[in-house]
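First up is the structure itself, then whatever we jot down about it.
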Amino acid sequence: MTYTTAGLADLRAQLVDTAGASVGAAVSTGFVEIGTNGMYLWYYAGIPDGHVGGVKFYSNAASTNILGFKAINPQEAEYTDAKTSTRATPAQVATELATYDAPTKAELDSAVAPLATAAAMTIVDDFLDTEIAAIKAKTDNLPTDPADASDIAVVVTASATAANLATLAGYVDTEVAAIITSIASLNNLSAAQVNTEVDTALSDVGLTTTVTGRIDATVSSRATPAQVATELGTYDAPTKAELDSGLAALNNLSLAQAQTAAAAALTAYDAPTFAELDARTDAIDAAIAALNDLSVADLSSLATAANLATVASGVSAILDDTGTSGVVISTNVMQSLADVILGRSVATVEDTASTHSLAELILGILESTAPSTTWTIKKTDGVTTFNTRTLTLDEDALPVTGVA
C-alpha cells in the first residue's frame, strides 16, 4: 500500500475483477502497520487461483475514499513457482531431442499393421448388432412372472445356440486382444498426458504467453520474399555507365577552358600602374639618398660571394630533394608574380618579419623618425615600434655616416 493515515484500525481490502466489480466480501484481516508514516503490509492467502483484476484498500469509516490499489495478474507471478535456472535451457532441450529415438514410418506401419482394419471392425459391429438384437428379441419375450418349465424351454430353444455364442466369443476375444496389444505398443499415452507434456516442454524453453504476446501481427501481413523481389525489381538503380558519366562530369575541363579561366582571373587582377610603380620607386630612391649611402663598415656586414655560393649550393640541394629542380616559369607568370609582390602591403608581414629584411627597409623609408642618434622604425600603424637602430653622426661630414 502507499502512504496513508497512520493508526487506522478499520482497514478493508476488496478484490475486484477486470471491470472493477467486487469479487467476494471485503477482507478486514491481514493488515500490519509498518512504521509511523501510514504504511501497511497486507497478507491474504485466500485470493482465488487465476484471479485477474486487483485489490483496493479503504477505511471502513470512509469506504468511498480509496487509499490504495494494486493490480493482480497471475501470469506475472502466480505461476512462477520455480527458479528459471532449474528449467531446461534450449541447448539441453536440443540435446534431449537429439537423443530421442523417434519411431520411423516403417516402425509405425509395423505397429499398426496388426490392428483390425475398418472392414474387420464393421464385420464385428454388424455381427454384434445382429446378435444383440436377436438376444434382446428373445429376452423381451420372457414372462415377467415365474413361468413353467415348458415356457422357459420354448424361449431357450428360440434363443442363440451355444455354437452361435462360441463364434461370437471367438470374434470378441481375437479382435479385442489385438486392439489392446496395439494400443499398448503405442505407449498408451492419453490426450491429456500428451497435452501436459507439450505444455511442460514449451514452458521449459521459455515459450510462454508473455513471449507469444510479442507477436503482435500476423505473419501474412508482412512482406513475402516475392513481394520484396517485386519492389527491388521496380527500383531504378543507376547503372555503371550512368555512374561513370556522372563522375566524369565532375572533372571534364579541357586545357582551353582552364586557360580561359586563368586569363579571366588575370584580367580581373588590378595590377599597379606604371605611375604608381614610378612613384614608389622615387620614394625608395629618396630614402636611400637620405641615408647617404652605406659605409664600408655596412658593406662589410653583407654576404660575401662565398656566402652566396654556399646558399646557392643549399638551394640547389633543396630543389633536388623536393623535385623542383629545372622548373621553368614563363615570362607571363614571372611578371604576374612580380606584380603581386610589388602590390603586396608590408602590413601583411610586419608582425613576423625579421630585421635586415625588405620589410624593415620599406618601413624605415616610410614609417621612421631619427631626431638624434636613435633611428626608430615604426609599423604601418605609426605607433608600434618595429625596430630601433643607432645612427653615427658627424657634423663635419655628411649628416649620417653610419647605421647600426
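The values are calculated or read from the model by the stated rules, or taken from the named source; none is laboratory data. Note that the structure is predicted; figures quoted are calculated from it, not measured. FYI the Cβ positions are ideal-geometry reconstructions off the backbone, even for glycines, and counts take in every protein chain you see.
Values as computed for the structure displayed
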item: Qualifying residue in the stretch 53-61 (condition: within 30 Å of Asp173 (Cβ to Cβ) and modelled with pLDDT of 85 or more); result: no
item: In the stretch 26-47, residue farthest from Phe69 (Cα to Cα) [restricted to those that are touching a strand residue (DSSP E or B) at 6+ places or on another chain (Cβ under 8 Å) and assigned to a loop (DSSP other than H, G, I, E, B)]; result: Gly46
item: Lys83 among the basic types (Lys, Arg), surrounded by fewer than 12 Cβ atoms within 10 Å (Cβ to Cβ) and at pLDDT below 80; result: yes
item: Cβ pairs under 6 Å, 6+ apart, first in the stretch 371-396 and part of a loop (DSSP other than H, G, I, E, B), second crowded, with 16+ Cβ neighbours inside 10 Å; result: Thr373/Leu391; Lys379/Glu350; Lys379/Phe386
item: Flag for Gln14 being assigned to a helix (DSSP H, G or I) and more than 30 Å from Ala178 (Cβ to Cβ); result: no
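Matching residues to (1) aromatic (Phe, Trp, Tyr); (2) in contact (Cβ under 8 Å) with a residue 12 or more places away in the chain; (3) not assigned by TED's automatic domain parsing to the domain that holds Ala178:
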| residue | (1), (2), (3) |
| --- | --- |
| Phe57 | yes, yes, yes |
| Ala98 | no, no, no |
| Pro103 | no, no, no |
| Ala116 | no, yes, no |
| Phe127 | yes, yes, no |
| Ile135 | no, yes, no |
